[in-house]
Amino acid sequence: MTFEKLWGDLLPVGRYGPTGGYRRYSWTAADAECRAWFVEEATRRGLTVETDRNGNLWAWWGAPGPGAVVTGSHLDSVPDGGAFDGPLGVVSALAAIDLLRARGARPVRPLAVAVFVEEEGARFGVPCLGSRLLTGAISPERARGLRDADGVTLAEAVAAHGLDPDALGPDTERLRSIGVFVELHVEQGRGLVDLGAPVGVASSIWPHGRWRFDFTGEANHAGTTRLEDRRDPMLTFANTVLAARKKARLAGALATVGKVHVEPNGTNAIPSAVHAWLDARAPDEETLRAVVGEIVQAARERAARDGTGFAETCESYTPVVEFAGDLRDRLAGVLGGAPVLPTGAGHDAGVLAAEVPTAMLFVRNPTGVSHAPAEHAELPDCLAGVAALAAVLEDLGCR
Ligand SMILES: [Zn+2]
């Protein structure tokens, strides 16, 4: 019952009626409401809640200290995202604690639920920003200067919510106190559907990154400028999107252009600039580097033909993550031989894996759809996820 109650309370927060999706962007009113919900539920359970220097939330069962068993996920969303990506891990963590207490388990090591801020990068462009700041994977100087679509910097956004922007940065003592991190997450594909299992254990995360492409040309009249006189960046952009798809298909990789800004964005005007963002992923780093290199090369060649300008900037890059093998096997064993499978999606667990023993649990997603309103997990599978997480936390940190 606790899972349903927790889930139901959080469900309406940040939901955008017209699409049915969520707009829970970090350091906004919706995000603040999600965070307040978490603080209230954790406090209700007698957990000690603190906000770290980067805005991540920590709820401790027992005193904070070294060797901690930490679980958790994130509460922010992509634009019009689904209800499960992130919140399922946070709600399941609180429900798992309830379950452990109900059967009399007590932690013998510090146990915490963490909520990482700006995991999706939907507002400031860099995914896993909270965990990257914690581990030092991004410099505080660069993070402070990140801007949202309205030009607001991260420094301004955190200050508006009572956090000191000068304090952003690596949190070594906290990081060293984590003995193990386990993130439960809705699966973002159909791996578990095909395997017929409600819960699985992650093996690895594909390397992935984001690149900003800036195509520049010359704004002019759509009715009076001869085709041969145009320098139209939309043409270069369009060809680059097609090239990205083809190069990725040939390499067994993934390439997506899901965000684009056009200037001046007028129906009867040749654009002066098109800014697009490439998301690329591959099974290994060599393939990823090769594919992105080929896409950039195709864009350059096309720009030369179109008389346009092209520039690319890598905004984030995450190497391949192999989760700790012994921990992965231990979890699969505790769960009675749960299947082990990789994912193409990035997670805070992937950032933390570079620093501490880290594992992930996936909960079956019947459609495989994610980052969209149709993202789903059936209630019995969610409850199986809670039970699995409780078993894992008990094995790692309780008696
Ligand atoms: Zn997520």
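The values are calculated or read from the model by the stated rules, or taken from the named source; none is laboratory data. As the structure is a prediction and not an experimental result, all values here were calculated from the model. Virtual Cβ from ideal backbone geometry, glycine too; neighbours counted across all protein chains shown. Ligands, DNA and RNA are stripped out before the accessible areas are found, and what is left, the full protein with its side chains, is counted by its heavy atoms. Shrake-Rupley method; radii C 1.70, N 1.55, O 1.52, S 1.80 Å.
Would you be able to tell me the number of residues in region 45-90 that are within 20 Å of the chain's Cα centre (by Cα) and small (G, A, S)?
Looking only at that region, the number is 9.
Within region 119-126, is there a residue that is of a type outside the set (D, E), within 16 Å of the ligand (Cβ to nearest atom), open to solvent by 30 Å² or more (accessible area, probe 1.4 Å) and under 19 Å from the mean Cα position of the chain (by Cα)?
Yes, that holds for at least one residue.
Being more than 16 Å from the ligand (Cβ to nearest atom) and either closer than 14 Å to H347 by Cβ or in contact (Cβ under 8 Å) with a residue 40 or more places away in the chain (or both) is the filter here, so list the residues in region 102-115 that pass it.
Listed by number, the residues that qualify are A105, R106, P107, V108, R109, P110, L111, A112.
I'm trying to understand the selection: among the residues of region 147-162, which are touching a strand residue (DSSP E or B) at 6+ places or on another chain (Cβ under 7 Å) and either within 16 Å of the ligand (Cβ to nearest atom) or open to solvent by 20 Å² or more (accessible area, probe 1.4 Å) (or both)?
Scanning region 147-162 gives a single hit, R147.
Do the conditions hold for I138, that is, is it farther than 23 Å from C314 by Cα, hydrophobic (A, V, I, L, M, F, W, C) and away from the ligand (no atom under 16 Å from the Cβ)?
No: the conditions fail for I138.
Name the single residue, out of those in region 57-89 being open to solvent by 10 Å² or more (accessible area, probe 1.4 Å) and of a type in the set (A, V, I, L, M), that is farthest from the ligand (Cβ to nearest atom).
For region 57-89, the residue satisfying everything is A63.
Are there helices (runs of 4 or more DSSP H) fully within region 294-399 with at least 3 residues that are within 16 Å of the ligand (Cβ to nearest atom) and in contact with a strand residue (DSSP E or B) (Cβ under 9 Å, 6 or more places away or on another chain)? List them.
Of the helices (runs of 4 or more DSSP H) lying wholly inside region 294-399, those with at least 3 residues that are within 16 Å of the ligand (Cβ to nearest atom) and in contact with a strand residue (DSSP E or B) (Cβ under 9 Å, 6 or more places away or on another chain) span 348-352, 379-397.
For region 170-215, which residues satisfy the criterion of being acidic (D, E) and in contact (Cβ under 8 Å) with a residue 40 or more places away in the chain?
Result: D171, E183, E187, D214.
Only one of (1) open to solvent by 40 Å² or more (accessible area, probe 1.4 Å); (2) more than 25 Å from V369 (Cβ to Cβ) is not met by D194, so which one is it?
Result: D194 fails condition (2) only.
Anything in region 122-133 that is modelled with pLDDT of 95 or more and either on the phi > 0 side of the Ramachandran plot or of a type in the set (D, E, K, R) (or both)? List them, or say none.
The answer is R123, C128, R132.
Can you name the residue in region 329-342 that is open to solvent by 60 Å² or more (accessible area, probe 1.4 Å) and on the phi < 0 side of the Ramachandran plot and, of all such residues, is nearest to the chain's Cα centre (by Cα)?
Once the filter is applied, the top-ranked residue is P342.
Is it fair to say A345 is open to solvent by 60 Å² or more (accessible area, probe 1.4 Å) and modelled with pLDDT under 95?
Values: open to solvent by 60 Å² or more (accessible area, probe 1.4 Å): no; modelled with pLDDT under 95: yes.
The answer is no for A345.
Which pairs have Cβ atoms under 7 Å, sit 6 or more apart or on different chains, and link a residue in region 302-317 that is within 25 Å of L288 (Cβ to Cβ) to one that is of a type in the set (V, I, T) and surrounded by 15 or more Cβ atoms within 10 Å (Cβ to Cβ)?
What qualifies is R302/T236; R302/T240; A303/T236; F310/T236; E312/V296; E315/V126; S316/V126.
Would you check which residues across region 203-222 are assigned to a loop (DSSP other than H, G, I, E, B), touching a Lys or Arg at 6+ places or on another chain (Cβ under 9 Å) and surrounded by fewer than 19 Cβ atoms within 10 Å (Cβ to Cβ) and list them?
E218
Filter region 90-114 down to the residues that are farther than 14 Å from T2 by Cα and buried (at least 23 other Cβ atoms within 10 Å of the Cβ) and list them by number.
Scanning region 90-114 gives L111, A112, V113, A114.
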